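Worksheet for the structure shown next.
The values are calculated or read from the model by the stated rules, or taken from the named source; none is laboratory data. Please read all numbers here as calculations on a predicted model, not as lab measurements. Ideal geometry is used to build each Cβ from the backbone, glycine not excepted, and the neighbour counts take in all protein chains shown.
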Amino acid sequence: MDKPVDTDADLDAIIAEQRKTDLEIKRLAGLSTIEYEKARKESAESLGVRAPILDKIVKAQREENAAKSAEGLCADTEPHESSVDIAELLTEVRSTISRFVVCEPETAIAATLWIAFTWVIDHAQVAPLAIITAPEKRCGKTQLLDLIGRLSKRALFASNISPAATFRVIEAKAPTLLIDEADSFFRENEELRGVINSGHTRTSAYVIRVVGDDFEVKQFSTWAAKAIAGIGKLADTVMDRAILLTLRRKLSGEKVERLRHAEPGLFNTLAAKLARFGVDHGKQFERMRPALPEVLNDRQQDNWDPLLAIADLAGVNWPKDARRAALAISGAKEDSASTGEELLSDIRDVFDACGEDRLWMKDILEKLCEDELAPWPSWNRGKPMTARQLGARLSEFGLRAKPLKIDREVQKGFERKQFTDAWARYLNTLSPGPPSPVTGLPACKNNDIGENQEVTHRGEPGYRAALVTETGNPSSPVTPPAVTPSVTPNQLKTRLSTNLPALQEGAVPVMFALLDARSMTCG
């Protein structure tokens, strides 16, 4: 039984002993794992507790230290004392980016809108990543990431971070997470990619982990704005959820200022204005339903939705400039094909090259593996893809080989028509079948040209959009029809005049003039 405290001296002794214990616990919490293991037993004896109890006390102290550290790193910004004009504020931020970073105007616009987005993320449903990328070092990636951090809400920088640290700090403070040097550790870390990807939409922005000695199941939020900088391309699943901020190395004649030379208070003032924007316009942003460019795919539209909403809120030139940036960054080029899409495309090329509607699987495989630049010759751990592997990949698209009788012999294979649906869904083009986007006419049937050959369709190699004015003058180059085998321009002109009466009258002389100027060979 403890003795009662009779004097002030006894009370002072107890307080001193408690202070000594607290200091020892804090000291132990600051040790590395190896250092703590060495000191653990002796410290437990001196404190008069069992080692497992000391472990729990030290763990709790470490968690408290981490929370305080995160709170200091993710400090809130006091909003500006007066309301702000959104368009003027965004223009000021864009000018500041261009002042310190060499980049395309569209990149500066996208970065500006993404920075503003971090201040209204609590009212958003989609959180696109900002991926800062460049082909080589010394292109300004860290400079732009630093600048974004100075202007974003609750910025937290990290040049390396574990999956556990990611979701724990997001759960604790919901920072804007700024990850640098991603090319050095991010690509091979599948768990970290999964945590980052999970935060793209609010409804799925959670991971579940077992914590503590009692194996308690706990849900952690991953909903936060995240910017990632690195050389080259990250995993497709990450890039697909991102606004790409692509940089280039500056020329000798291109001059920008250094961040450390910025006038005092520049970034603090802008951050305060952005904070005021978030306070005043968060609810209004939540109600926005911006018009999205149709040329963007569904995921790209999701990514740009919150940024275009901010642009529409700003008004003036920002709605037009933002959509121009969206098209330049996400809509002006085709996405790189996934492995499955590449396989479907290559199989289509095999059917086209062979000119057959039915092919055995072994023949398809043989043709696929003839292309040394494709992955199929080394698909099987350095060896060619097997029939089983090909069948497994195609089964993911609902395609299965079936017995085919060719030249009195039966083997498993595929018919061209089996791929029609998959090609239409995954390759952006349907081959063959639909009318030309230029003429609106059906496929040609011509003995000189070849049976059932078509003009080149939008999205296929060699296609360039043709805009023909009412006077018949083209405003951009027109790619003539792709045909098989070789034909002369005069032969094709004759067949077009005979078989394509629906062609617009003004476009006929334009196409013929192009045919006269070009020799065409397709194979």
Discussion item. Any residue at all in region 245-254 that's among the aliphatic types (A, V, I, L, M), in a loop (DSSP other than H, G, I, E, B) and either surrounded by fewer than 17 Cβ atoms within 10 Å (Cβ to Cβ) or modelled with pLDDT of 90 or more (or both)?
Written reply: yes
Fill in: Where ASN303 falls short, out of the listed (1) in contact (Cβ under 8 Å) with a residue 12 or more places away in the chain; (2) in contact with a strand residue (DSSP E or B) (Cβ under 7 Å, 6 or more places away or on another chain); (3) in the same structural domain as ARG193 (by TED's automatic domain parsing)
(3)
Worksheet entry | Extreme residue, surrounded by the fewest Cβ atoms within 10 Å (Cβ to Cβ), among residues of region 175-196 that are closer than 21 Å to ARG154 by Cβ and in contact with a helix residue (DSSP H, G or I) (Cβ under 8 Å, 6 or more places away or on another chain) | ASP180
Practice prompt. Could you grab me the full set of residues in region 169-217 that are among the basic types (Lys, Arg) and within 16 Å of ILE131 (Cα to Cα)?
Written response: ARG187, ARG193
Worksheet item: Do any helices (runs of 4 or more DSSP H) lying entirely in region 49-150 carry at least 2 residues that are under 20 Å from LYS283 (Cα atoms) and touching a strand residue (DSSP E or B) at 6+ places or on another chain (Cβ under 7 Å), and which ones are they?
Response: 105-118
Item to complete: May I ask you to say which residue of LEU156, LEU177 is in contact with a Cys (Cβ under 8 Å, 6 or more places away or on another chain) and either in a helix (DSSP H, G or I) or within 30 Å of GLY212 (Cα to Cα) (or both)?
Response: LEU156
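Across region 114-138, which residue is farthest from the chain's Cα centre (by Cα) among those that are among the hydrophobic types (A, V, I, L, M, F, W, C) and under 15 Å from SER330 (Cα atoms)?
This residue is TRP114.
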Worksheet, complete the sentence: Counted residues in region 203-222 being not hydroxyl-bearing (Ser, Thr, Tyr) and not in a strand (DSSP E or B) come to 5
